[in-house]
């Protein structure tokens, strides 16, 4: 009979020499030689037998489906086939074996599954699969318990942070300590940002100048600085993403909790306030992105030989996948001005009708935001009540100080998130409270207002009026923001107007 050999290891088992791929293949080859099997193919791969997605194994099933000749499919052990009794692949191979299309041979277990097997053999096979699954489940439970114990002891189970380093004592025990070369610089990041006088970009420039590197030894990026400023680990709270759970760790704190939350306040304050106007005022500065690659589109001034200056925009091409093209600001303004002219052409009859329709839309939005703010405030007060009860438990010595601190931090984090949500909805609520008549008044005069405004005012008006502006080659794409999109939409349908 012809045979194929299947050898498999999971990532965790690769270090076990006796269970390695070469060792499995050698045992199966010796078995095939004893059984006088002709080996026509050998498959070996690293893949968990406990997961639903098993691409490598599925390729073997496809091979068996196309193969018309009966073959012996040889494994080292049953657990090399699967550790999951509910794996559909097990039932597929089992059915093929009892239908005399293939035979399953498990070399080290001494089991053969075919159309002639006895009830005892079937029972043994089922037991082997059950034990294989039990083994994996037991390992999984032990790992979970180990991690739970480590978290209870304040130990960190993930990758070390910038500013910290892994250490090992004389007994081989692993630990985490402050990295003398990086800790002061990371602390400096928090200090700089907390002043409110530094941006992520300016801090990055300073850190690159001072030589702060990532854990891999690479130059830092803006995202690295952003992650550091948002990482609670630095003030003593580790976060498990898998379980969405904060817990106090046992390692030395790199910054104080006060400094960390001062940086949070600066970030929230900046989100509420518009950015300062740049000294170089360009109408589309900070508004455009490249439709092809997603990079920013930036302006620059070009001076002709005559001394006359022109403003051009182009994709930064930071990803290196675009062909850089320069587009005059005048060209970008053409579709914008065309839309503004449409607003000014709205008749008085249409304005009266729009006033009625927009007021309905505005009232619905205001009601929605009121309900959301009520929900958030209720949740916030519920958490505050829990904090009060938690304090009472501490005073009554019903819980330990460690448990109190752990739970308090968890509740405070939830309140912080709700605080951000309140700010966002409050801002949105104020936006919608803008009277409908003013919306319509602005819409019908927007072209005149735009042309008579200063450059920074034009940019602010466009930022308010249009959304998702992108550039593809030399063509500008954008949509009109609500409720002005509704103004244009209704105004373009005069048949809707009452006769």
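The values are calculated or read from the model by the stated rules, or taken from the named source; none is laboratory data. Only a predicted model underlies this, so the values are computations on that prediction, with no experimental measurement involved. Every residue, glycine among them, receives a Cβ derived from its backbone with ideal geometry; neighbour counts consider all protein chains shown.
Among the residues of the stretch 231-249, write down those that are in contact (Cβ under 8 Å) with a residue 24 or more places away in the chain and outside any strand (DSSP E or B).
The answer is 231, 232, 233, 234, 235, 249.
Check 407, 412, 427, 386 and return the single one that is assigned to a helix (DSSP H, G or I) and either modelled with pLDDT under 65 or more than 28 Å from residue 236 (Cβ to Cβ) (or both).
On the way: 407 fails: either modelled with pLDDT under 65 or more than 28 Å from residue 236 (Cβ to Cβ) (or both); 412 fails: either modelled with pLDDT under 65 or more than 28 Å from residue 236 (Cβ to Cβ) (or both); 386 fails: either modelled with pLDDT under 65 or more than 28 Å from residue 236 (Cβ to Cβ) (or both).
Selected residue: 427, the only one of 407, 412, 427, 386 that is assigned to a helix (DSSP H, G or I) and either modelled with pLDDT under 65 or more than 28 Å from residue 236 (Cβ to Cβ) (or both).
Going by what's in this entry, would residue 206 be described as in contact (Cβ under 8 Å) with a residue 60 or more places away in the chain and in a helix (DSSP H, G or I)?
Here the answer is no, as residue 206 does not meet what is asked.
Which of the residues belonging to the stretch 155-170 are in a loop (DSSP other than H, G, I, E, B) and either modelled with pLDDT of 90 or more or under 24 Å from residue 145 (Cα atoms) (or both)?
155, 156, 157, 158, 159, 160, 161, 162, 163
Only residues that are surrounded by 14 or more Cβ atoms within 10 Å (Cβ to Cβ) and closer than 27 Å to residue 157 by Cβ: list them for the stretch 251-274, please.
251, 253, 254, 255, 256, 257, 259, 260, 261, 263, 264
For the stretch 287-303, give me each residue that is outside any strand (DSSP E or B) and surrounded by 14 or more Cβ atoms within 10 Å (Cβ to Cβ). I'd like the intermediate steps shown before the answer.
Filtering the stretch 287-303 down to residues outside any strand (DSSP E or B) leaves 287-288, 291-295.
Those that are outside any strand (DSSP E or B) and surrounded by 14 or more Cβ atoms within 10 Å (Cβ to Cβ): 287, 288, 291, 292, 293, 295.
Return the residues of the stretch 159-197 that are without any contact (Cβ under 8 Å) to a residue 60 or more places away in the chain and under 26 Å from the mean Cα position of the chain (by Cα); say none if nothing qualifies.
The answer is 159, 160, 165, 189.
Identify, by number, the condition in (1) surrounded by 12 or more Cβ atoms within 10 Å (Cβ to Cβ); (2) modelled with pLDDT under 65 that residue 364 doesn't meet.
(1)
In the list 216, 230, 197, 244, which residue meets the criterion of being at pLDDT below 90, under 18 Å from residue 413 (Cβ atoms) and not assigned by TED's automatic domain parsing to the domain that holds residue 408?
244
Within the stretch 53-70, can one find any residue that is at pLDDT below 70, exposed (fewer than 10 other Cβ atoms within 10 Å of the Cβ), in the same structural domain as residue 104 (by TED's automatic domain parsing) and out of contact with any strand residue (DSSP E or B) (no Cβ under 7 Å at 6 or more places or on another chain)?
yes
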